[in-house]
Amino acid sequence: MQRIRPILIWCAVAMATGCNAYRLDPPKGFAQVSEDDRGARMKAGDDVGLRVDVFDNVEGGTLAFWGEDLVRKLAQRDYTLVSHRPIKSDNRKPGAQFNFSYVNPDGKEKFFSVALFVTDKYRITLQVAGDQKLAGKYQPRLPEIASETKIRGCKLLTDICDGEQPQIAPGQPKKPEKATKEPDTELADDTTSEEDPQATELADKASSEPAG
Amino acid sequence: MKRALIPCVALLLLASCKAKAAGSVAPAHSYRDDGDSVSEGYAGRDYADANYGGEIAMEETRNLPADEPDAERITSTSVGQRWKEKRAARQAARAELAAPAAPAEPLDARKVQPDGAATETTTAGVTGAPPQNGADGAQAEPEPAVAHDDEDIDGRHIVYTAAMRVAVFNLDEAMRKAEALPVRYDGYVSVMQPGHLVVRIPSKHLRTAMDELAEFGTVDDRRMQALDVTAEFVDIESRIRALTETQTQLLDLLSKARTVEEALKVRQALDQINTELEVLKGRMRQLSNQITYSTLTINMYERGPHDPTPSSNDPFPWVNNLGVESTEYR
């Protein structure tokens with residue numbers, strides 16, 4: 001009975017948590033707006049949003065493939081890649097974080113960060129976005145939020161969940177001709193440190209001096 | 001006395017039948033080139049009935065394919081059975097030579113006439129053998145009931161339906177260009193609403209028109225469907241042909257009607273045929289129009305420089321759901 005008990009407890013926990021692709025409780029400072037098995041929405045007090053989305057993966061879809069796809073398509077929409085780095089989930093699944101800057105149609109500067117995890121069954125994104133002035137507060141928190149997220153959908157004997165990081169070329173991706181605003185030169189300079197994750201981390205820490 | 005007379009009369013009739021069958025049975029007008037074979041076929045047979053069966057048999061032989069062996073035609077000593085066999089063979093030959101959907105029940109006018117010419121005319125009209133009055137018959141190459149130039153692949157009839165969704169920078173200008181587009185390809189605009197157009201374009205120009213439309217902006221969605229309606233088209237053609245034939249025959253019968261009652265009956269049948277014919281012709285016209293002119297549904301909307309730029313054939317549009325607009329709160 002003692003041997004069976006841990007198994008029973010594990011089964012009970014699994015049943016309680018369900019077979020969702022992810023598991024994330026609202027991080028500190030965020031309140032849950034909505035949740036279902038395909039995603040969740042959370043809101044911070046300063047209108048910064050945190051969003052989880054689950055997409056089905058396909059055969060051959062890896063972290064590198066989807067990461068490059070994400071960056072290329074967001075670039076077509078005038079999102080400027082500032083930096084990217086590897087991250088890990090609560091259950092040690094590797095992922096990648098991408099930080100973007102963006103100017104909306106009203107001319108306001110925004111920050112946008114997305115953490116991407118890829119398993120055999122799912123693609124899971126954690127997005128956080130808000131005013132550019134809040135970038136220093138929330139962008140460095142994304143690895144912490146990712147480390148609180150359980151990611152499911154990995155299969156045995158496959159290496160999708162251990163896939164290599166996307167190889168994004170240093171410098172900004174090519175923008176479409178109808179872009180109305182040139183990227184900030186300071187942000188452009190930051191991309192030179194993409195190849196060095198540690199340098200990126202240090203840069204993020206430096207920019208995340210607590211403002212409040 | 002009377003009781004004795006009846007069997008005598010029957011015997012006399014039987015004897016006359018045998019004599020006639022055993023004698024020169026070759027008809028006055030033998031329509032086969034090998035008329036001897038016809039007479040040989042009938043001579044020496046043991047007919048139990050009168051001329052009726054014999055003459056009918058010869059007449060029907062005329063309509064059968066010439067290469068049919070005699071042995072296949074005469075397989076029984078019973079006239080009734082032989083009549084059934086000949087009828088089956090006649091129907092099979094008719095099915096080969098004439099169009100399908102010929103009337104199964106013989107008309108009342110299909111009777112043996114002493115005059116061979118009249119019989120031939122009537123029989124031929126009923127069985128659908130050589131055509132009359134220019135009506136299409138089995139011998140002529142089947143022609144479409146409605147002239148059309150829509151046969152594309154190996155004579156197939158395909159109905160094409162397409163739809164496109166295009167993001168443009170100037171909706172008014174794009175709508176004007178889209179409205180003028182079908183006219184250049186001999187098409188026309190079927191439905192027009194702000195941002196929505198349904199145009200009919202000749203099938204052969206459909207893809208070209210879609211490629212030209214794609215240059216108006218960014219294509220969000222592009223779809224095309226093809227539906228093969230050849231079977232239905234051919235079926236309707238055949239039915240129109242058969243009904244037209246029947247209509248002609250009925251008109252002929254109407255002109256030969258001797259009593260008002262006969263004329264009324266024929267008229268009723270004719271009206272029914274006319275109604276069916278009109279329905280089929282209407283459906284044929286509709287099909288032909290759909291085949292000749294493809295339907296292209298165009299939806300256009302205006303977008304600004306910061307709107308998402310989805311690719312038209314990207315199978316993974318997942319990134320369209322990501323971004324600042326869908327994440328932050330305002």
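The values are calculated or read from the model by the stated rules, or taken from the named source; none is laboratory data. Small disclaimer: the values here were computed from a predicted structure and weren't measured. Note that each Cβ is placed from the backbone with ideal geometry, even for glycine, and that neighbours are counted across all protein chains shown. Heavy atoms of the whole protein, side chains included, go into the accessibility calculation; ligands, DNA and RNA do not. Shrake-Rupley method; radii C 1.70, N 1.55, O 1.52, S 1.80 Å.
Label-to-label distance for A:N104 and B:T161 is 4.0 nm, based on points extended 7 Å past Cα in the beta-carbon direction.
Measuring between their Cα centroids, segment A:112-164 and segment B:239-261 lie 81 Å from each other.
Taking only protein heavy atoms into account and a 1.4 Å probe, give the accessible area per residue of segment B:179-268 in Å². Write down the numbers at each step before the final one.
Values: 5270 Å² over 90 residues.
Ligands and nucleic acids excluded, the result is 59 Å² per residue.
Applied to segment B:296-303, the Karplus parametrisation 6.51 cos²θ - 1.76 cosθ + 1.60 on θ = phi - 60° returns per-residue 3J(HN,Hα) values of 10, 9, 10, 10, 10, 9, 8, 9 Hz, with x for Gly and Pro.
For B:W83, the solvent-accessible surface with a 1.4 Å probe is about 90 Å², rounded to the nearest 10.
Chains B and A together bury roughly 2600 Å² of accessible surface, counting both sides and using a 1.4 Å probe on protein heavy atoms. Summing charges over all other residues whose Cβ lies under 12 Å from the Cβ of A:G61, with Lys and Arg as +1 and Asp and Glu as -1, gives -3.
For segment A:13-95, what number results from the quotient of the Cα radius of gyration and 2.2 N^0.38 Å? Could the numbers behind the result be given before it?
Numbers: Rg = 15.1 Å, N = 83, 2.2 N^0.38 = 11.8 Å.
So segment A:13-95 has a normalised radius of gyration of 1.28.
Each residue was assigned an accessible area with a 1.4 Å probe, and for B:Y293 the value is about 60 Å².
Restricting the calculation to Cα atoms, segment B:208-303 shows an Rg/Rh of 1.34 when the hydrodynamic-style radius is the Kirkwood one.
Interface residues of segment A:125-141, defined as those with an accessible-area decrease of at least 20 Å² between the chain by itself and the complete set of protein chains (probe 1.4 Å), are A:Q127, A:A129.
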